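The values are calculated or read from the model by the stated rules, or taken from the named source; none is laboratory data. Note that this is a predicted model, so its numbers are computed, not measured. Every residue, glycine as well, gets a Cβ built from its backbone with ideal geometry; the counts of neighbours run over all protein chains shown.
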């Protein structure tokens, strides 16, 4: 069975739920456009800390810290003084 979809005047593509099968409300999809089709894949995003090992997280953090501008001035000691924090 083939179905025809048409882009609406606002540029949206409405896909009837019957065509998608059993889906849960608010499910997000990643759209991939190829030369032959538009592919909708369920989004499977997970947080970095959930999909990496502690060693990999350290490497990511070090890579991020390594690209910071080290020539910028740091905070003066007075900025970290307990007396000045609550001013």
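Could you check, for the stretch 76-84, whether at least one of its residues is farther than 30 Å from residue 3 by Cβ, touching a helix residue (DSSP H, G or I) at 6+ places or on another chain (Cβ under 7 Å), at pLDDT below 85 and surrounded by 10 or more Cβ atoms within 10 Å (Cβ to Cβ)? Yes, the stretch 76-84 has at least one match. Please determine whether any residue of the stretch 8-24 is in contact with a helix residue (DSSP H, G or I) (Cβ under 9 Å, 6 or more places away or on another chain) and free of Cβ contacts under 8 Å to residues at least 60 places away in the same chain. Within the stretch 8-24, one or more residues are in contact with a helix residue (DSSP H, G or I) (Cβ under 9 Å, 6 or more places away or on another chain) and free of Cβ contacts under 8 Å to residues at least 60 places away in the same chain. Only one of these is within 16 Å of the chain's Cα centre (by Cα), under 30 Å from residue 3 (Cβ atoms) and free of Cβ contacts under 8 Å to residues at least 40 places away in the same chain: 30, 39. Name it. Criteria check complete, one pass: 30. Checked against the criteria, residue 55 does not count as modelled with pLDDT of 80 or more and in contact with a helix residue (DSSP H, G or I) (Cβ under 6 Å, 6 or more places away or on another chain).
Of all residue pairs spaced 6 or more apart or on separate chains, those with beta-carbon atoms under 9 Å, a first member in the stretch 57-79 that is closer than 26 Å to residue 47 by Cα and a second member that is part of a loop (DSSP other than H, G, I, E, B) and at pLDDT below 90 are 59/52; 60/52.
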